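One structure is given below, encoded as structure tokens.
The values are calculated or read from the model by the stated rules, or taken from the named source; none is laboratory data. Keep in mind the model is a prediction, meaning the values are calculated, not measured. With ideal geometry, Cβ positions are generated from the backbone for all residues, glycine too; neighbour counts draw on all protein chains shown. Side chains included, ligands, DNA and RNA excluded: accessible areas come from the protein's heavy atoms. Shrake-Rupley method; radii C 1.70, N 1.55, O 1.52, S 1.80 Å.
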Amino acid sequence: MFYRKIGRLFSNIWGVHTNKNKYLHINFNFRNSNDYNNKNYKNYHKYLWSFATLGYITLYYNSRKNLYVFAKEESTETKPTSGCASDNPPEPIQPHLKAPKIPQRPDLPTYSQKDLLKHRCRGEGVWVTYQNGVYDITEFLDKHPGGDQITLASGKAVEGFFNYSVLHYAPHVLKLMEKYRIGNLRPQDVRTEFRRRNVFAHEPTDRDPNLIPLSKEPFNAGPSESLLYAHPITPNAYHFVRTHGPVPEIPDLKNYTVEIAIEGQKKSLMLTLDDLKKFPKYSVNATIMCAGNRRDDMMMAKPDKGLRWTLVATGNSIWSGARLRDILAKAGLTKKDEENLHHVQFDGWDTDFREEYFSMSIPLWKAVDERGDVLIAYEMNGAPIPVDHGFPVRAIVPGFAGARSVKWLQKVIVQKEECQTFNHQRLYKSFSPNVSYENLDWNLSPPVDELPVISAICEPVNGGTANVSNGKINVKGYAFSGGGQKILRVDVSSDQGVTWHTAEFTYQDPIKPPRHYSWSLWCCDVPVPKGKNCEIWVKAVDSFNNTQPEKFEHIWNLRGVICNAYHKIKVNLVSC
């Protein structure tokens, strides 16, 4: 009976929306309406009561199930057939919602905030708080699905971090936390403002539907492989998006400035957007590539931690703006400064899980060398830089890992030491395959700057179908090398490297190395063996005659960066 009533309720609602008269609005002042005697309007009271009844049933059912959390449980790893692997967390916390309250436990001791500060490393135990509870998460550190980001919360309240991924509010997560609860937090130390904060309030609403999300908050996405290959200059709408936190609220352009500071000088140079446009305008054709591009392939060899990017964490654009070397000269950088100071730090307006500004640094030589081509850019493909890509200005460091091209730029600092922020010192470092988090020493590896040679197959896709014509299939893809090096050759094999076939370039920037910052697009008609399927390999060679390693097992690293082994795909063969 209950289900039949629900069925009639939906039938009534559907009847209104499919009626020939199409009364899709509701006139609540029925008695004053000239159309009140119309049969449809007479029935509107019934439809309104139907909506209200359905809403009441839903609320009642949810209350019975005790579903008073912000997010529903979702799979943490869903993977589309092509493009980026998908990890789509639920919608952001709304300001009016309240978190489920964690009561005091009279059977447990009480701790102060000072007690927590004594437990911020494995040796002393890692403690965190959530509302009234104190938790020892030392044993959970290596089990955390989000990787070592959990260590950012050491000795702190986790609510501020939960705002970045509301999946944490799912019932199974809160239930799991109780297993690690060791006490209560002193009432005067309990912080409540985290629950009123929506850190993703300024996200763009016009993102192109062709971008396949890897994560929604923060937003990380890329196009399909075929769409990536189809455009030698990647349209702004299709360019991959990499964010480490929420899109920031940018000051009004009238008040927007970029500060240029030089260590040892008392005054800094403040530049508005109009000031930047007064410098000679310079453009560079540059590929931006995440250091974790093709991490999904590396994780197939052995799991590591990080976003599971496929081959689409890259894009090629024409970037325009003022050269950093011209700006630094205007700010008063001297030859003596160049001898004593060695790094340039970029600070963005965006914040990370630590609620610190996202900052990276590059060697000073790269910034001041005329061939370094570092820009403070305000245009992307002839248009103002989109919000997702750093509007109104960003750094462009061609040939370097994409993270160095800091977005939403607010400050540039010339200094003696390299950037000391967590993001610079931890996120983009490569280690030997034998290094694990148990024997890791972060100081043993420098941050990744220039990217090595890499190639990838865009068509056909892994697991897809390829048409065989005259015993051959057509294979397409891209190749790129960092540090301003040019791709000399792309080799493709269909018999696991026994024989190789040289690809033809369909797009390649004519600029010579070491200022060649753009990718090369290629295609190749590859002979394939008879049968229903085969495996295609590709490798590239750059102008230093560097090539790619064959296996990911040889270059695996726990941060999942520099994922440049041969790209290998399996395809199903169909005769034309």
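See the values below:
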{"read-out": "Those helices (runs of 4 or more DSSP H) lying entirely in the range 246-347 with at least 3 residues farther than 30 Å from His554 by Cα, open to solvent by 20 Å² or more (accessible area, probe 1.4 Å) and touching a residue at least 40 places away in the same chain (Cβ under 8 Å)", "value": "324-331"}
{"read-out": "Selection from the range 422-439 of residues that are modelled with pLDDT under 90 and either closer than 14 Å to Ser361 by Cα or open to solvent by 60 Å² or more (accessible area, probe 1.4 Å) (or both)", "value": "Phe422, Asn423, Arg426, Leu427, Glu438, Asn439"}
{"read-out": "Within the range 116-144, tally of residues that are in contact with a Gly (Cβ under 7 Å, 6 or more places away or on another chain), open to solvent by 30 Å² or more (accessible area, probe 1.4 Å) and in a helix (DSSP H, G or I)", "value": "2"}
{"read-out": "Selection from the range 482-501 of residues that are open to solvent by 70 Å² or more (accessible area, probe 1.4 Å) and either in a loop (DSSP other than H, G, I, E, B) or farther than 20 Å from Pro232 by Cα (or both)", "value": "Gln496, Val498, Trp500"}
{"read-out": "Filtered residues of the range 319-366 (kept if closer than 30 Å to Ile150 by Cβ and either more than 24 Å from the chain's Cα centre (by Cα) or β-branched (Val, Ile, Thr) (or both))", "value": "His343, Thr351, Ile362"}
{"read-out": "Matching residues, the range 352-406, being touching a His at 6+ places or on another chain (Cβ under 9 Å), surrounded by 24 or more Cβ atoms within 10 Å (Cβ to Cβ) and assigned to a loop (DSSP other than H, G, I, E, B)", "value": "Gly399"}
{"read-out": "Qualifying residue in the range 441-459 (condition: within 17 Å of Asp297 (Cα to Cα), surrounded by fewer than 21 Cβ atoms within 10 Å (Cβ to Cβ) and of a type in the set (A, V, I, L, M))", "value": "no"}
{"read-out": "Tally, over the range 426-466, of residues that are among the charged types (D, E, K, R) and closer than 18 Å to Cys534 by Cβ", "value": "1"}
{"read-out": "Checking Glu370 against (1) closer than 25 Å to Tyr517 by Cα; (2) modelled with pLDDT of 95 or more, the condition it does not meet", "value": "(2)"}
{"read-out": "Count of the range 106-115 residues which are out of contact with any helix residue (DSSP H, G or I) (no Cβ under 9 Å at 6 or more places or on another chain) and either open to solvent by less than 80 Å² (accessible area, probe 1.4 Å) or among the β-branched types (Val, Ile, Thr) (or both)", "value": "3"}
{"read-out": "Positions within the range 510-530 being open to solvent by less than 20 Å² (accessible area, probe 1.4 Å) and not hydrophobic (A, V, I, L, M, F, W, C), in sequence order", "value": "His516, Tyr517, Ser518, Ser520"}
{"read-out": "Residue tally, condition of a type outside the set (Phe, Trp, Tyr) and modelled with pLDDT of 90 or more, over the range 133-149", "value": "5"}
{"read-out": "Test: residue in the range 538-546 that is closer than 29 Å to Thr465 by Cβ and either open to solvent by less than 10 Å² (accessible area, probe 1.4 Å) or among the hydroxyl-bearing types (Ser, Thr, Tyr) (or both)", "value": "yes"}
{"read-out": "Complete set of residues in the range 206-245 that are open to solvent by 40 Å² or more (accessible area, probe 1.4 Å), at pLDDT below 95 and farther than 11 Å from Asp388 by Cα", "value": "Lys216"}
{"read-out": "Output for the range 518-563, where each listed residue is polar (S, T, N, Q) and not in a strand (DSSP E or B)", "value": "Ser518, Ser543, Asn545, Asn546, Gln548, Asn557"}
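Per-residue answers, yes or no, for (1) at negative phi; (2) touching a helix residue (DSSP H, G or I) at 6+ places or on another chain (Cβ under 8 Å); (3) among the acidic types (Asp, Glu):
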site	(1), (2), (3)
Asp189	yes, yes, yes
Asn210	yes, yes, no
Tyr238	yes, yes, no
Leu269	yes, yes, no
Leu273	yes, no, no
